[in-house]
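Take a look at this one; I'll ask things after.
The values are calculated or read from the model by the stated rules, or taken from the named source; none is laboratory data. Keep in mind that what you see is a predicted model, and the values were worked out from it rather than measured. Here Cβ is always computed from backbone atoms with ideal geometry, including for glycine, and neighbour counts include all displayed protein chains. Calculation scope for accessible area: heavy atoms of the full protein, side chains included, ligands and nucleic acids excluded. Shrake-Rupley method; radii C 1.70, N 1.55, O 1.52, S 1.80 Å.
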Amino acid sequence: MAKKEEQAEPRTLPSPRLLPWHSEAIAQLKHAWTANRLPHAILVQGAEGLGTGSFAAWLSAAVLCEKSVDGVLDVCGACVSCALIKAGTHPDLHWIAPEEDKTQLSVDLVRAGCEKLAKTSFRQGYKVAIIEPAHQMTPGAANSVLKTLEEPSKGSLLVLLTSRPSGLLPTVRSRCQKLTIARPSTAEAMAWLQKEAGKTVAPALLEFAGGAPLKALEYADGRFDELSQHIQKSLRDLFAGDTDVTQVAAEWGNDALIDRLIWLDLWLSALARTGIAGTDDRVTFPGGPAHLPSPSRPLNISALYSMVDRTRALKAQLARTALQRELAVESWLIALLEALAPSKAPVARAS
């Protein structure tokens, strides 16, 4: 029996919502459209939490909008194409994302989407395929995209979305026009964040989100405070000997581990800075009150920065590969206790 072909079926897109920090990228696209120089492939790169998905949804809707054909690139919201996009049934729009419970984009899935770009448009206009996240394509899928980039069909637009451009083949990156969604300034981000949240938001929340307003907004409902308090309690219990690394690793490994590592990165960096200054007798989280008993003094600044590096390396590994999370976190916690211990005696696992 022949293998059933995987289909890149049209789906309901993220809302084509433009955000204030999208304005520069939008201006570039509108200029290219007016000059009839829109590229056949665009690599949209930006950190998570900047709305690259909603940006791509707007771009695809604008390219397919019937009012954009002879005018300015925009979304009218009233034509047949706009209605089809809203319903998730536009035959010339293909959003390619990992299947449920999978992290990688398979070669069959990507190839099926790319093949549709080579066919005749159903509505006699553009054909658009969006690949998200592009850095999670398998090698075979990336080579399939490369073939499409080398032999683009008329009236086709391939949009690659990524927060990790370095995860793409250099040959793929070089054949796309790069469009960067930059982080907004702190002032712009905080103004937008507080307006959207409808309340005062602590600057620490934006710092935790890496300057990405959408991610900060997700945690503005109290989740950030809950996460922070849970991490603080775990560390207090660990420092006091009321729990062990195995138990903490089990809790952290199965609950928002990436976000915990971001918090710990900021905490360790702040601890190292205050250690260098020698003015703080308690460990603090940036933008927040003192909350953890101070470890032994003097602090080993080199060991602290080594832990910062180790934290970032673990976060990167988790994003790229499948790890045994509990073992990885347990090893990290042992290294942390050694870095903060008054002596260099090894820290033993709980029996």
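On alpha carbon coordinates alone, what is the Rg over Rh value for the chain, Rh being the Kirkwood radius?
In the chain, Rg relative to Rh is 1.05.
Keeping every protein chain present and rolling a 1.4 Å probe, give me the accessible area per residue for the chain in Å².
Values: 17600 Å² over 351 residues.
Accessible area per residue: 50 Å².
Provide the packing ranking of 160-173, 48-61, i.e. peptides ordered by the mean count of other C-beta atoms within 10 Å per residue, highest first.
Numbers: 160-173: 17.6, 48-61: 23.1.
Taking the mean over residues of other Cβ atoms within 10 Å, the ranking is 48-61, 160-173.
Check which residues have an amide H placed less than 5 Å from residue 137's amide H, if you skip close sequence neighbours.
HN-HN under 5 Å from residue 137: 105.
Once you've got the Cα coordinates, tell me which of 102/215; 67/215; 102/127; 195/315; 119/147; 30/178 are over 24 Å apart.
Details: 102/215 22 Å; 67/215 33 Å; 102/127 26 Å; 195/315 31 Å; 119/147 15 Å; 30/178 15 Å.
Among 102/215; 67/215; 102/127; 195/315; 119/147; 30/178, the Cα-Cα distance tops 24 Å for 67/215; 102/127; 195/315.
Calculate what fraction, in whole %, of the accessible area of the chain sits on carbon and sulfur atoms when a 1.4 Å probe is rolled over the protein chains.
Numbers: 9030 of 17600 Å².
That share works out to 51 percent.
Another question about this same structure. Using modelled amide H (1.01 Å from N, peptide plane; none on Pro or chain starts), what sits under 5 Å from the amide H of residue 156, excluding residues fewer than 5 places away?
Excluding prolines and chain starts, which carry no amide H, the hits are 127.
Then there is this: Taking 8 Å as the Cα distance limit and 6 or more residues as the minimum spacing, I'd like the relative contact order of the stretch 145-251 as a percentage.
Numbers: 49 pairs, mean separation 17.4, N = 107.
Worked out over the stretch 145-251, it gives 16 percent.
Using packing as a proxy for protection, rank 326-336, 198-208 so that the peptide with the highest average count of other Cβ atoms within 10 Å comes first. Let's see the in-between values first.
Working: 326-336: 18.6, 198-208: 16.9.
For the peptides 326-336, 198-208, the packing ranking is 326-336, 198-208.
Quick check: convex hull of the Cα atoms in the stretch 95-163, volume per residue, rounded to a whole Å³?
Working: hull volume 5.6 nm³, N = 69.
Taking the convex hull of the Cα positions in the stretch 95-163, it is 81 Å³ per residue.
Something else now. Can you tell me the order of 96-105, 306-315 when each peptide is scored by its average per-residue count of other Cβ atoms within 10 angstrom, highest first?
On the way: 96-105: 14.2, 306-315: 17.1.
My ranking of the peptides, most packed first, is 306-315, 96-105.
Related question: Quick one: helix 139-150 against the long Cα principal axis of the chain, what's the angle to the nearest 10°, folded into 0 to 90?
The angle comes out at about 40 degrees.
Can you list the aspartates and glutamates whose alpha carbon sits under 18 Å from that of residue 86, skipping same-chain ones fewer than 8 residues off?
9, 66, 74
Could I ask something else about it? Take every DSSP beta bridge with both residues inside the chain and express the antiparallel ones as a percent of the total, to the nearest 5.
Working: 2 of 21 bridges.
In the chain, approximately 10 percent of DSSP beta bridges are antiparallel ones.
Where does the charge balance sit around residue 68 when Lys and Arg score +1, Asp and Glu -1, over other residues with C-beta under 11 Å from its C-beta?
-1
Could you please report the charge total around residue 128, scoring K, R as +1 and D, E as -1 over all other residues with beta-carbon less than 12 angstrom from its beta-carbon?
Numbers: positive: 116, 123, 127; negative: 92.
Computed value for this residue: +2.
Next up: Taking the 0 to 90 degree range and rounding to the nearest ten, how far is the long axis of helix 23-34 tilted relative to the main principal axis of the chain, both from C-alpha atoms?
So the helix axis and the longest Cα principal axis differ by about 20 degrees.
Based on DSSP H runs of at least 4 residues, each adding -39500 (n - 2.57), what is the mean residue ellipticity at 222 nm of the chain after dividing by all its residues, to the nearest 500 deg cm²/dmol?
Working: 14 runs with 170 residues, N = 351.
Counting only the DSSP helices, I get -15000 deg cm²/dmol.
Which loop-located chymotrypsin sites (Phe, Trp or Tyr not before Pro) does the stretch 114-192 contain, where loop means any DSSP state but H, G, I, E or B and the Cβ has at most 16 other Cβ atoms within 10 Å? Write out the running numbers ahead of the final one.
On the way: sites: 122, 126, 192; in loops: 122, 126.
Answer in residue order: 122.
Report relative contact order for the stretch 1-150 in percent, whole number only (criteria: Cα-Cα under 8 Å, sequence separation at least 6). Each step should come with its number before you reach the end.
On the way: 194 pairs, mean separation 40.0, N = 150.
Averaging sequence separation for qualifying contacts and normalising by length gives 27 percent for the stretch 1-150.
Over the Cα atoms of the stretch 1-160, compute the convex hull volume and normalise it per residue, giving Å³. Working shown, then result.
Working: hull volume 19.9 nm³, N = 160.
Taking the convex hull of the Cα positions in the stretch 1-160, it is 124 Å³ per residue.
From Cα pairs below 8 angstrom and at least 6 apart in sequence, can you work out the relative contact order of the chain, rounded to a whole percent? Let's see the in-between values first.
Numbers: 512 pairs, mean separation 54.7, N = 351.
Dividing the mean separation by the residue count of the chain yields 16 percent.
Turning to a different aspect of this structure: By how many degrees, 0 to 90 and rounded to 10, does the Cα axis of helix 52-64 deviate from the longest principal axis of the chain?
10
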